[in-house]
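What follows is one structure encoded as structure tokens, with my remarks underneath.
The values are calculated or read from the model by the stated rules, or taken from the named source; none is laboratory data. Remember, predicted model here, so these are calculated numbers, not experimental data. Positions of Cβ are backbone-derived with ideal geometry, glycine not excepted, and every protein chain shown enters the neighbour counts. Accessible surface areas use protein heavy atoms only, side chains included; no ligands, DNA or RNA. Shrake-Rupley method; radii C 1.70, N 1.55, O 1.52, S 1.80 Å.
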Amino acid sequence: MSLPTTGATVRLTTAQALVRWMVAQESELLDGGRARLFPGVFAIFGHGNVLGLGDALHEAGEDMPVWRGQNEQGMALAAVGYARATGRRQVFTATSSIGPGALNMVTAAGVAHANRLPLLLLVGDTFASRAPDPVLQQVEHFHDPSTTVNDAFRAVGRYWDRITRPEQLIATLPQVARVLTDPADCGPVILALPQDVQAQAYDFPLSLFEPRLHRILRPRPDLTELRHAADLLRGAERPLLVVGGGVRYSGAAAEVLRLARAHGVPFAETVAGRTLLPHEDPLHAGPLGVTGSASANALAADADLILAVGTRLQDFTTASWSVFAADARLVSINAARFDAVKRHAAPVTGDAREALRELAPLLGEWRADPAWTARAERERRAWDAMIDRLRAPADPAEPPTYAQVVGVVNTLAGADDYVLTAAGGLPGELVGGWRASGEVGAATMDVEYGFSCMGYEIAGAWGAAMARPAGVVTTLLGDGSYLMLNSELYSAVLSGHRFVAVVCDNGGYAVIARLQQGQGAAPFNNMITDCRGPGAAADVRVDFAAHAAALGAEVFTADTVEELTKAYAAARAARRPAVVVVRTRPDRWTEAGAWWEVGVPQVSARAEVTAARERMDLARAERERKG
């Protein structure tokens with residue numbers, strides 16, 4: 001597009017300047033290549049963004065591709081899925097109008113914030129001039145006229161700004177790029193854009209739009225912290241290395257494996273660290289925590305030192321801080337000091353790859369106890385054997401269990417494929433039972449268990465499919481998640497990005513029913529059979545196959561493991577997004593033997609709940625004893 005220039009400036013609207021700046025940003029990839037930092041925009045237009053930002057995006061054309069979403073939350077979740085699939089090296093943007101459209105993206109911002117993922121949200125706002133107030137979709141605050149619904153994003157944003165004058169972009173855009181690319185501070189950025197300001201023009205300096213490459217930041221650790229960590233490690237006999245998502249984003253998997261093999265240190269993966277290391281490696285103890293494996297949890301219970309690399313140590317990883325021995329020392333390597341110092345750990349603040357490289361020579365000839373080293377493979381083999389038993393159908397005519405569904409997908413998956421899930425019972429089955437077959441560092445799984453957002457599964461798969469066109473993206477979800485947010489299935493059909501969604505219909509919110517009844521509560525408001533009103537029909541199950549077909553997906557159905565295998569194989573070969581609908585058992589789960597603290601009532605009319613509270617109090621006392 002041809003635009004008027006004056007000396008070293010160019011006259012643009014706020015929206016045009018923002019888009020032009022986005023086009024100029026590049027990102028360094030882990031392999032040393034380059035890519036656009038902002039490869040595209042998800043958009044749903046309304047009166048708050050269609051003219052200012054919408055016109056600017058149209059002018060940009062192929063320089064800034066735009067994809068239409070069907071639901072603001074869904075398209076923003078797709079942006080989150082894209083960011084994870086690109087290892088935080090690229091950032092999809094989502095834009096909405098004011099009011100309800102903007103608020104629909106708050107949940108997606110929460111997902112990005114909890115998972116430390118980059119997300120840029122450009123949300124329409126009311127008029128900065130206030131001249132036409134109150135405008136359509138404006139919520140008026142009687143005592144603070146400067147407040148709009150976009151202030152709700154402050155609780156779920158890493159960086160928030162409202163642009164009330166065009167020239168404010170000059171100061172704020174470097175901060176936007178900083179947060180989106182900073183390994184320690186990475187998270188969602190929200191720019192509230194009043195619709196009158198979007199359209200206002202200003203003479204912007206041309207230097208603002210010069211191409212800029214955002215390199216991977218690798219802050220080196222403090223040498224004193226590093227030497228202290230090395231001293232602690234050399235004094236350990238039974239160390240366990242815990243591999244988190246920071247290893248993925250740093251590209252540090254090879255360094256983890258090198259250090260583990262050089263010193264005989266078993267390793268376990270967190271939810272965010274899954275699939276980074278070879279499943280068959282003799283040092284692989286399995287995934288850790290509540291959704292992990294009995295094998296890794298057994299080693300964690302006996303380890304005298306935990307070397308946590310790139311993990312925020314969430315409760316499902318630590319089993320509410322009950323999985324480690326009372327006297328175990330904790331050393332934490334993390335780019336974010338906020339995470340590195342948790343639980344009085346000996347912190348090493350810095351990039352995971354560089355910290356491990358600098359730690360290695362300080363360890364000398366030290367090795368873990370050989371018996372401890374050998375135990376990792378023995379424990380994991382026992383866990384693998386249990387998973388094999390769970391995957392084998394006891395009765396070929398019975399509906400599959402979640403473990404069997406995961407087994408079918410795992411068996412047919414290729415090394416370049418990508419699998420994801422988010423909520424319900426499937427995270428435990430996928431994290432605990434999946435066996436990675438790719439190369440070292442091949443991040444081929446996305447389990448959104450930071451925010452555990454029902455509805456992420458389909459939307460996130462759309463984003464992942466855009467980011468990973470080479471392999472097959474498969475998302476696993478329950479009937480509850482499908483009903484909560486399925487509209488981006490049509491977005492994927494409309495945009496031509498194919499993936500496979502395996503919808504497991506178990507008749508309700510089965511995993512929450514399991515939690516409810518496992519803690520002594522009565523079956524209530526979770527399974528469909530517990531929710532029917534007095535005038536409801538006898539059979540109120542949803543025809544998911546018909547619904548997915550109506551959205552344009554290619555659909556396959558299955559009732560047994562054998563049928564599922566054939567259906568999933570056919571879905572993988574489909575030319576457009578495919579949905580496999582399978583009725584599954586709601587009463588069979590993979591158990592890792594770890595405790596999880598939940599809010600069991602201290603007073604209840606049910607004796608079963610009172611007994612569950614007593615068990616909870618005993619478990620809490622045991623945790624406190626450990627310190």
### Task
With θ set to phi - 60°, apply the Karplus curve 6.51 cos²θ - 1.76 cosθ + 1.60 along the stretch 497-502 and write out the HN-Hα couplings as whole Hz, x wherever there is a Gly or Pro.
9, 8, 8, 10, 10, 9
### Task
For the stretch 215-220, take each phi angle, set θ = phi - 60°, evaluate the Karplus expression 6.51 cos²θ - 1.76 cosθ + 1.60, and give the result in whole Hz per residue in order, putting x for glycine and proline.
7, 6, 7, 10, x, 7
### Among Cys531, Ala510, Gly552 - extreme Cα towards positive end, dipole of the stretch 433-583, charges at beta-carbon
Gly552
### Message
Pairs of alpha-carbon atoms within less than 8 angstrom and 6+ residues apart define the contacts here; what relative contact order does the stretch 542-627 have, in percent?
### Response
21 percent
## Note on the structure
Computed over the stretch 341-417, protein heavy atoms only, probe 1.4 angstrom, the accessible area per residue in square angstrom equals 48 Å²
### Message
Restricting to DSSP loop positions (anything but H, G, I, E, B) with no more than 14 other Cβ atoms inside 10 Å of their own Cβ, which GluC sites (Glu not before Pro) remain in the stretch 181-281?
### Response
Glu237, Glu280
### Accessible area of the stretch 202-261 divided out per residue, in Å², using a probe of 1.4 angstrom
46 Å²
### Query
Counting DSSP beta bridges with both partners in the chain, what percentage is antiparallel, nearest 5?
15 percent
### Message
Explain nothing, just the number: dipole magnitude of the stretch 15-96 about its Cα centre with +1 on each Lys and Arg Cβ and -1 on each Asp and Glu Cβ, in debye rounded to the nearest 20.
### Response
240 debye
### Message
Given contacts defined as C-alpha pairs under 8 Å and at least six residues apart, what's the relative contact order of the chain, whole-number percent?
### Response
13 percent
### Query
How do 108-115, 514-521 rank on mean C-beta neighbours within 10 Å, highest first?
108-115, 514-521
## Note on the structure
Taking only protein heavy atoms and a 1.4 Å probe, the highest-to-lowest accessible-area order of Ile512, Ile170, Ile44, Ile333 is Ile512, Ile170, Ile44, Ile333
### Query
Efficiency by 1/(1 + (r/R0)^6): what FRET value for Asp587 and Phe338, r their Cβ-Cβ distance, R0 = 60 Å, to the nearest 0.05?
0.90
### Query
Round to a whole number: what % of the accessible area of the chain belongs to carbon and sulfur, probe 1.4 Å?
53 percent
### Summary
Those GluC sites (Glu not before Pro) from the stretch 309-386 that are DSSP loop and have at most 10 other Cβ neighbours within 10 Å turn out to be Glu365
### Task
Please identify every one of the GluC sites (Glu not before Pro) in the stretch 424-453 that sits in a loop by DSSP and has no more than 16 other beta carbons within 10 Å of its own beta carbon.
Glu439
### Message
Under the 0.36 nm per residue contour assumption, what length would be gained going from the current alpha-carbon distance of Ala155 and Glu597 to full extension?
### Response
156.6 nm
## Note on the structure
With R₀ set to 35 angstrom, the calculated FRET efficiency between the beta-carbons of Arg606 and Ala254, to the nearest 0.05, is 0.10
## Note on the structure
Per-residue ellipticity at 222 nm attributable to helices in the chain (runs of n ≥ 4 DSSP H, -39500 (n - 2.57) apiece, nearest 500 deg cm²/dmol) works out to -11000 deg cm²/dmol
### Task
Please name whichever of Val91, Val50, Gly7 sits farthest to the positive end of the charge dipole of the stretch 1-97, dipole taken about the Cα centre and charges placed at Cβ: Lys and Arg +1, Asp and Glu -1.
Val91
#### Entry: Accessible area per residue, Å², the stretch 16-174 with all protein chains present, probe 1.4 Å
38 Å²
### Message
Rounded, prolate or oblate for the stretch 412-472? Axes are the square roots of the Cα gyration tensor eigenvalues, ordered a ≥ b ≥ c, and the cut-off for rounded is a/c under 1.5.
### Response
oblate
### Task
Please list 157-168, 477-488 highest first by mean number of surrounding beta-carbon atoms within 10 Å per residue.
477-488, 157-168
### Query
Between Arg215 and Glu439, what FRET efficiency comes out of the Förster formula 1/(1 + (r/R0)^6) with R0 = 25 Å and r the beta carbon distance, rounded to 0.05?
0.55
### Query
In nm, to one decimal, how far is the modelled label at Asp539 from the one at Arg514, with both set 7 Å along Cα→Cβ?
2.7 nm
### Task
Subtracting the Cα-Cα distance from 0.36 nm times the residue separation, let me have the gained length for Arg261 to Arg381 in nm, one decimal.
41.4 nm
### Query
Counting pairs of alpha carbon atoms under 8 Å apart in space and at least six apart in sequence, what relative contact order in percent does the stretch 104-238 give?
31 percent
### Query
According to the square roots a ≥ b ≥ c of the eigenvalues of the Cα gyration tensor, what is the shape class of the stretch 384-453, taking rounded for a/c under 1.5, prolate for a/b larger than b/c otherwise, and oblate for the remainder?
oblate
## Note on the structure
Put Phe544, Phe524 in order of accessible area, largest first, probe 1.4 Å, and you get Phe524, Phe544
### Message
Using the crude model of +1 on Lys and Arg Cβ and -1 on Asp and Glu Cβ, and no other charge, please compute the dipole size for the chain relative to its Cα centre, in debye to 20.
### Response
760 debye
### Task
Calculate the length of the line joining the C-alpha centroid of the stretch 162-231 to that of the stretch 507-527, in whole Å.
44 Å
